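Taking it in order: structure first as C-alpha cells, then the write-up.
The values are calculated or read from the model by the stated rules, or taken from the named source; none is laboratory data. Every value quoted in this text rests on a predicted model; they were computed, and no experiment measured them. Methodologically, a virtual Cβ is constructed for each residue, glycine included, from the backbone with ideal geometry; neighbour enumeration extends over all protein chains shown. Accessible surface is based on the protein model in full, side chains and every heavy atom, while ligands, DNA and RNA are left aside. Shrake-Rupley method; radii C 1.70, N 1.55, O 1.52, S 1.80 Å.
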Amino acid sequence: MKQFEVPAFYRSGILGQIKAKRKAADPRKKDFSPTEIVLGSFTFVLARHFGFCYGVENAIERSYKAIAENPGKRIFLLSQMIHNPAVNEDLQANGIQFLQDTHGAQLIAFESLTPNDVVLIPAFGTTLEIEQQLKEIGIDVQTYNTTCPFVEKVWNRSEKLGQTAHTIVIHGKHDHEETRATFSHAAASGHALVIKDKQEANFLAQVITKHKTSAEFHAFFKDKYTPGFDPDIHLNKIGVVNQTTMLASETQEITDFLRETYMALYGIDAIKAHMADTRDTLCYATNDNQSATLGLLEQEADLAIVVGGYNSSNTSHLVELLEQKFTTYYIKDAAEIQHENIQHFDYHHKQMKLTEAFLPAKKQLRIVLTSGASCPDSILEAVMEQLLASRYDAAEISSLLLNYQA
C-alpha cells in the first residue's frame, strides 16, 4: 500500500514501532488481537488498528502539498478537511481558510473567489452542485481534490445502480458532509434515500410491505429523499450503500433485514431482481478499526479511552462499541486529562462531562486505548504520557518511553 508523506509532528515514535511490528508479523491483517504496552504501573491495551486511515493520510498529504506549491495564493477548504480539531487548526495556522462549516453553512461567499484561488475538496468529497459552482467561477477542482478513494467507490457503484433503475438507500447521517455528497452523486443517475439506523430501516420495510402509506413515508423521511420519489415505484429495486464512517456491521444488518423483507414479498429466487449485492462498497479501514475494537472487547481492563474529534462519526462508533463492556471516556486530546480528573464528551447527549478521580485506586492499571481514523498518533501518545503523569515525573516518563522495546 502507498506510503504517504504526512508531517512528522503527526507521527509517534513508540506507536510507529508498534504498527510496523504488527504489519511485519501480520501483513494480511488477519489477527485483530490488541497489543499490550507495559509502562511502569500502566498496561495500555492498544487496538490492532487505530489512527489515520488511507483516505485521511491521502488528504493530509495533498493539503500540505497545496500549501507548499502555492506560496502567496489564497487557499481554501470547502469545509473541515477531516473531523479532527488539531489537524484542522494546523491547516488554518498555515493560512488555509474554510468556505463552509460541517453542516454546509457558508462562512465565505463563493462569489468572493477568483480563478486564481486554490480550493481543496475535503476527504468527505462534495456535492456535484458545489463542484459545478466552483467550475463556473473558474476554480480547478481536481488538482487538490482529496476525496477518499473509498468514498468515490461508493459513488461509482451508486451511479451504476442508478443506471439500472435501482434506488440507492444510503445508511448514514443525512447532514454529514460525506452523506450529502453521496446523495448528490446518487441522485444524478436515479433516486436516493438516506436512512440513519435500524429503526428507520424497520419503518422503510413497513413502507415496502404496504403497512405504511406513501404519505407516512414522505412525512417520516422528509428532506431525506430525492424530488419526485414515489415509494410505490422507487422501492421496487434498491441497493444499500453507506457513509463509510458508519458501523459496517450495522450497514450489513440493515441490508440483511431489507433483503429478508424482499424475500418474504417476492420469494428467494426473485431477490436479485429487487436488491443489489453491495457488500464490496464497505470501507476496509472502517471494517478493520471496528474489528480491532471488537478484539478489545475480549480483554479485561479497568477503563477505556477513545481519542478523536467530537464530530467524528467513526470515532463515536468506537465509543459505542467499547462502552458495551468498559467505562469509556471519549476525549479529543491529552489536555482533557488533568491529574486524576477527566473532561470527556458524552456523545449520546452531545455535551461535555467532568469525571473526578477517574483512575481506579489500584497499584497496576489496565487501560484500553484506541483512536479514530482522523486522529494523529502523536495525540494518542500524548494521552499515554498524560496518564503516566498521574504517577510519574517528566524524567521517569521519558525513561519509560525511551526504554520501551516494541
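Among bridges DSSP assigns within segment 134-254, what percent are antiparallel (round to 5)?
The antiparallel proportion sits near 10 percent.
Once you sort the root eigenvalues of the Cα gyration tensor of segment 81-129 as a ≥ b ≥ c, which label holds: rounded (a/c under 1.5), prolate (a/b larger than b/c) or oblate (the other case)?
oblate
Which loop GluC sites (Glu not before Pro) in segment 1-108, with loop taken from DSSP, have no more than 15 other Cβ atoms within 10 angstrom of their Cβ? Don't skip to the answer; put the middle values down first.
Details: sites: Glu5, Glu36, Glu57, Glu61, Glu69, Glu89; in loops: Glu5.
Loop-located and lightly packed - Glu5.
For helix 13-25, what angle does its Cα long axis make with the longest principal axis of the chain, in degrees from 0 to 90 and rounded to 10?
On a 0 to 90 degree scale, this one is about 60.
May I ask you to evaluate 6.51 cos²θ - 1.76 cosθ + 1.60, the Karplus curve with θ = phi - 60°, for each residue of segment 304-315 and list the ³J(HN,Hα) values in order in whole Hz, giving x for glycine and proline?
Couplings: 10, 10, 10, 10, x, x, 6, 9, 8, 5, 5, 5 Hz.
In the structure displayed, which of Lys2/Lys29; Lys73/Lys135; Lys30/Lys198 lie more than 21 Å apart, Cα to Cα?
Lys30/Lys198
Under 1.5 on a/c is rounded, so check that first for segment 220-302, then, if it is not, pick prolate when a/b is larger than b/c and oblate when it is not; a ≥ b ≥ c are the square roots of the alpha carbon gyration tensor eigenvalues.
Prolate is the answer for segment 220-302, as a/c is 1.5 or above and a/b outweighs b/c.
Probe radius 1.4 Å, ligands and nucleic acids ignored: give me the carbon and sulfur share of the accessible area of the chain as a rounded percent.
Heavy-atom surface of the chain belonging to carbon and sulfur, 1.4 Å probe: 51 percent.
Would you report the distance distribution of C-alpha pairs in segment 88-187 as whole percents per 5 angstrom bin, up to the bin with the largest distance?
2, 12, 20, 24, 19, 12, 7, 3, 1, 0
Where nothing but the Cβ of Lys and Arg (+1) and of Asp and Glu (-1) is charged, how large is the charge dipole of segment 161-254 around its Cα centre, in debye to the nearest 20? Walk me through the numbers before you get to the answer.
Working: 9 positive and 11 negative charges, 31 e Å.
Once rounded to the nearest 20, the dipole reads 140 debye.
Can you work out the accessible area per residue across the chain, with the rest of the protein chains kept in place, probe 1.4 Å, in square angstrom?
Per-residue accessible area for the chain comes out at 44 Å².
Towards the positive end of the charge dipole of the chain, with charges on Cβ (+1 Lys, Arg; -1 Asp, Glu), say which of His274, Phe150, Thr251 has the farthest Cα.
Sorting the options by dipole projection puts first His274.
Roughly how many debye, to the nearest 20, is the charge dipole of the chain about its Cα centre, given +1 on each Lys and Arg Cβ, -1 on each Asp and Glu Cβ, and no other charges?
For the chain, the charge dipole is close to 760 debye.
Label the chain by shape, choosing from rounded, prolate and oblate, from the square roots a ≥ b ≥ c of the eigenvalues of the Cα gyration tensor; if a/c is under 1.5 it is rounded, and otherwise prolate applies when a/b is larger than b/c, oblate when it is not.
Cα axes put the chain in the oblate bin.
In degrees between 0 and 90, to the nearest 10, how far off the longest principal axis of the chain does helix 177-187 point, with axes built from Cα atoms?
Rounded to the nearest ten degrees, it is 20.
All other residues with a Cβ under 14 Å from the Cβ of Ile37 taken together, and with Lys, Arg as +1 and Asp, Glu as -1, what is their net charge?
Details: positive: Lys19, Lys21, Arg22, Arg48, Arg366; negative: Glu36, Asp377, Glu381, Glu385.
Charge balance in the 14 Å sphere: +1.
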